[in-house]
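**Q** Below: one structure in structure tokens.
Read-outs throughout are calculated quantities, based only on the coordinates presented, and are distinct from any laboratory measurement. For clarity, every value in this text was computed on a predicted model and none was experimentally measured. Please note: Cβ atoms are built from the backbone with ideal geometry, for glycine as well, and neighbour counts cover all protein chains shown.
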Amino acid sequence: MEIVETIAEMKALRRQSFGSVGFVPTMGYLHDGHLALVKRARNENSVVVVSIFVNPTQFGPAEDFSAYPRDTERDLALLEKERTDIVFMPSDKEVYPEAFSSWVEVGKVTEPLEGSRRPGHFKGVTTVVAKLFNIVEPTRAYFGQKDAQQATVIKKMVADLNMNLEIIVVPTVRESDGVAMSSRNVYLNPQERQAAAVLFRALTLAQGLWKGGERNAERLRQEMVSLISKEPLAKIDYVSIADAETLEELLEIDRPALASLAVRFGKTRLIDNIVL
Ligand code: AMP
């Protein structure tokens, strides 16, 4: 496994690579969710590149950038075990030198949900991902369904800007009680961690109603809100039933839909979703 910290070195290694390149961008502090993407990339490509970069431009001023968990040694051991070929872990200065002044912005699908609660978040995400795509030049890049809107936004950027790669979305990996794996779960105290299981219960409740023939989106939202409200440690940010492609809120579920939510447990904000 090669560990590279500069863009020049990463580009040089890319030039020497043969066959398809599978790329998994991450912010590190890896868990089985990340590793599912790496395994999928390993199965489908000759070369696997994983990046570890906690991207400062996608965090708001009141968000957890400096507190974001990091454990490079452990991450590298996990990636080695998954037979990763190249780990790209640039510094902030390497990615954003002093004079940096260009940004990639996707419209419309970045506006609702996470976009409306985290101004500038997706501008940071699309800019860094576009840069990483230019540096790594992957054949395929792997993203998690856990961050459903992010995957939608990246797909839109790739289509709109005619980028030369395939985006693959991998199902959400969950703990045994249904909680979606996330680097941010370490912030939860034991009571909050237990309470967080209500999110997946609410999503499966919505899915059950939908499978039973319920097509009224507001009814599903209300049922989810009412279940989550029974959990005293949970503070709802949003509960959404939206068009799975445009992410616009639905009245009637007459097409593929995304049930998604953002809920706070103490200082920790968790997101999750399920496709209907
Ligand atoms: P992050 O390090 O949080 O930026 O995540 C890196 C990638 O891993 C993103 O594409 C995430 O959607 C994906 N990911 C994070 N958690 C999970 C999970 N529980 N299951 C599947 N993919 C995940």
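**Q** The stretch 82-144: D in µm²/s via Stokes-Einstein (Kirkwood Rh, Cα pairs, 25 °C, 0.890 mPa s)?
**A** Working: Rh = 13.8 Å.
This corresponds to a translational diffusion coefficient of 178 µm²/s.
**Q** Something else: With contacts defined as alpha carbon pairs under 8 Å and 6 or more residues apart, what's the relative contact order of the chain in percent?
**A** After rounding, I find 17 percent.
**Q** Still on this structure, please answer the following. Taking +1 at the Cβ of each Lys and Arg and -1 at the Cβ of each Asp and Glu, which of ASN162, THR204, MET10 sits farthest along the dipole of the chain towards its positive end, judged by Cα position relative to the Cα centre?
**A** The residue sitting most towards the positive pole is THR204.
**Q** I've got another one for you. What does the highest-first list of 87-99, 181-193 look like by mean Cβ count within 10 Å?
**A** Ranking the peptides 87-99, 181-193 by packing returns 181-193, 87-99.
**Q** Checking understanding here: applying a Kyte-Doolittle mean of at least 0.0 and a length along the axis of at least 15 Å (C-alpha), which whole DSSP H helices in the chain pass?
**A** Sorted by number, the helices that extend far enough and score high enough are 121-136, 148-160, 197-211.
**Q** Please report, for the Cα atoms of the chain, the Rg to one decimal and the Dmax as a whole number; what are they, in angstrom?
**A** Values for the chain (Cα only, Rg and Dmax): 19.0, 56 Å.
**Q** Now, a different point. Take the alpha-carbon centre of the stretch 253-276, take the same for the stretch 47-105, and report the distance between them in whole Å.
**A** If you average the Cα positions of each part, the centres end up 25 Å apart.
**Q** Related question: With only alpha-carbon pairs counted, each pair once and no self-pairs, how large is the Kirkwood hydrodynamic radius of the stretch 106-184 in angstroms?
**A** Averaging 1/r across every pair of different Cα atoms and inverting gives 13.5 Å.
**Q** Assigning unit charges at the beta carbon (Lys, Arg +1; Asp, Glu -1) and nothing else, what dipole magnitude in debye, to the nearest 20, does the chain show about its Cα centre?
**A** That gives the chain a dipole magnitude of about 280 debye.
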